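Written below as structure tokens is the structure these notes are about.
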Amino acid sequence: MRITLIHNPKAGDAKHGKRQLMAALAKAGHHATYQSTKEPGLKKALKKPTDLVLAAGGDGTTAKVASRLVDSGIPLSVLPLGTANNLARALGFVASPEEIITRLEGGRKRAFDVGFAYGPWGERYFFEAAGGGLLADYVQAAKKEEKKNKAIKKLSKEQEMARHSALLCRMLHDYPARKWKIELDGKDISGRYILWEAMNIHSVGPALYLAPRAGTRDGRFDFACARPADSALLAKHFEARVDGKKSNSPLPARKFRKLRVVWKGPALHLDDKLWPKKKQSGKFSSEIEITVKPSALIILQPAPAVKT
């Protein structure tokens, strides 16, 4: 099979560098071409004829590649090398990179819904979740913390997840609920929210399972939200994540196809990116529309493991 490997060389460990991944693909009988996300040429690499695009990295790398494959018909597979790997798990990539590579041949194709956000700053795809309030502010705070403390890069995945969850706990302690004007499939649900999330998959951020019933190919998203009265329940959920436990979501969630938001204040998050960008904020009214693009992405999941 012809495979285009898109690799984030800063993700994972020394066992999953360019040389090791290309060798594993060759051993499995594939003809692979390599493109680093840290070097120019990504757009050109994704235009070359291929049978499969393989994204090796964290959720950010996966989303970056997936956004260029929407409506292309070219299937995507993932080697999860990130910390949370929310998107990789939702797509069905839960094995080790080595095992996934050996099972690509004979894999099964499936459709995956994609989020589409439209606003005065342009339009964007997202794959995990879009939202406002606490988690959007957390994305910005986490990036600032990483820049200040270089030792963070040496933490294990478990320590990194606990660190992110602890940051959310600290932020929630005195976090102010904000006013949001929100329409969900034409119904007005405006009010004061600590956070709200339009979710395509079960989890967001440091593996916070806020949408346990989310389906990735049902043509709908889940709207999960926390009002001021939900603060104590949300704190318990975050504390469980600090302890490394998987906690059921304490928040209500409902299905929708179209969401409209009007607000004043900080940026939203689309997956792990802020929107609008800092240089765009304040130039336009803060109003966006979020819809679902059903089955816009094709995923090639690994073949089932052979039982011995």
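What shape does segment 158-203 take by its C-alpha gyration tensor, where a ≥ b ≥ c are the square roots of the eigenvalues and a/c under 1.5 counts as rounded, a/b above b/c as prolate, and the rest as oblate?
Oblate is the answer for segment 158-203, as a/c is 1.5 or above yet b/c matches or exceeds a/b.
Order by neighbour count: 169, 225, fewest other Cβ atoms within 10 Å first, most last.
169, 225
Which is farthest toward the positive dipole end of the chain among 247, 149, 198, measuring Cα position about the Cα centre, with Cβ charges +1 (Lys, Arg) and -1 (Asp, Glu)?
149
Considering Cα pairs under 8 angstrom that are at least six residues apart, work out the relative contact order of the chain and quote it in whole percent.
23 percent
Helix-only estimate, please: 222 nm mean residue ellipticity of the chain, summing -39500 (n - 2.57) across DSSP H runs of length 4 or more and dividing by its residues, to the nearest 500.
-7000 deg cm²/dmol
Please work out the Kirkwood hydrodynamic radius for segment 129-270, using every pair of different C-alpha atoms, and report it in angstroms with one decimal place.
For segment 129-270, inverting the mean 1/r across all distinct Cα pairs yields 15.6 Å.
Once a ≥ b ≥ c are taken as the square roots of the eigenvalues of the Cα gyration tensor of segment 1-56, is the result rounded (a/c under 1.5), prolate (a/b larger than b/c) or oblate (a/b not larger than b/c)?
Oblate.
Kindly put 190, 249 in sequence by how many other C-beta atoms sit within 10 Å of each C-beta, fewest to most.
Fewest-to-most ranking of 190, 249: 190, 249.
Could you line up 112, 221, 127 from fewest to most neighbouring Cβ atoms inside 10 Å?
112, 127, 221
Which residue, 81, 184, 54, has the most motion in a Gaussian network model of the chain that connects Cα atoms within less than 10 Å?
Sorting by GNM fluctuation, first place goes to 184.
How much net charge surrounds residue 29 when only other residues with a Cβ under 14 Å from its Cβ are counted (Lys, Arg +1; Asp, Glu -1)?
Charge balance near residue 29 sits at +1.
If you take all C-alpha pairs in segment 71-180, what percent of them are over 25 Å apart?
Value for segment 71-180: 42 percent of Cα pairs lie more than 25 Å apart.
Which entries in the list 10/147; 179/245; 10/148; 47/277; 15/64; 143/245 go over 20 Å, if you measure between the two C-alpha atoms of each?
179/245; 47/277; 15/64; 143/245
Is the shape of segment 14-116 rounded, prolate or oblate, going by the alpha carbon gyration tensor and its root eigenvalues a ≥ b ≥ c, with a/c under 1.5 for rounded and a/b larger than b/c for prolate?
Note, shape of segment 14-116 comes out rounded.
In whole Hz, what ³J(HN,Hα) sequence does segment 54-63 give by Karplus (6.51, -1.76, 1.60; θ = phi - 60°), x for Gly and Pro?
Coupling constants for segment 54-63: 10, 8, 10, x, x, 4, x, 5, 4, 5 Hz.
Which angle between 0 and 90 degrees, to the nearest 10, do you get for helix 18-27 versus the longest principal axis of the chain when only C-alpha atoms count?
Tilt relative to the chain: about 60 degrees.
What percent of all Cα-Cα pairs in the chain falls into each 20 Å bin, going from 0 up to the bin containing the maximum distance?
Each 20 Å bin holds this share of Cα pairs: 33, 58, 9, 0.
Whole-Hz ³J(HN,Hα) for each residue in segment 131-138, computed from phi via Karplus 6.51 cos²θ - 1.76 cosθ + 1.60 with θ = phi - 60°, x for glycine and proline: what do you get?
Taking θ as phi minus 60°, the curve returns x, x, x, 4, 5, 5, 5, 5 Hz for segment 131-138.
Computed from the coordinates by the stated procedures, all read-outs in this text should not be read as laboratory data. Everything quoted here is computed from the prediction, not taken from an experiment. A quick note on method: Cβ atoms are made from the backbone with ideal geometry, for glycine too, and the neighbour counts reach across all protein chains shown.
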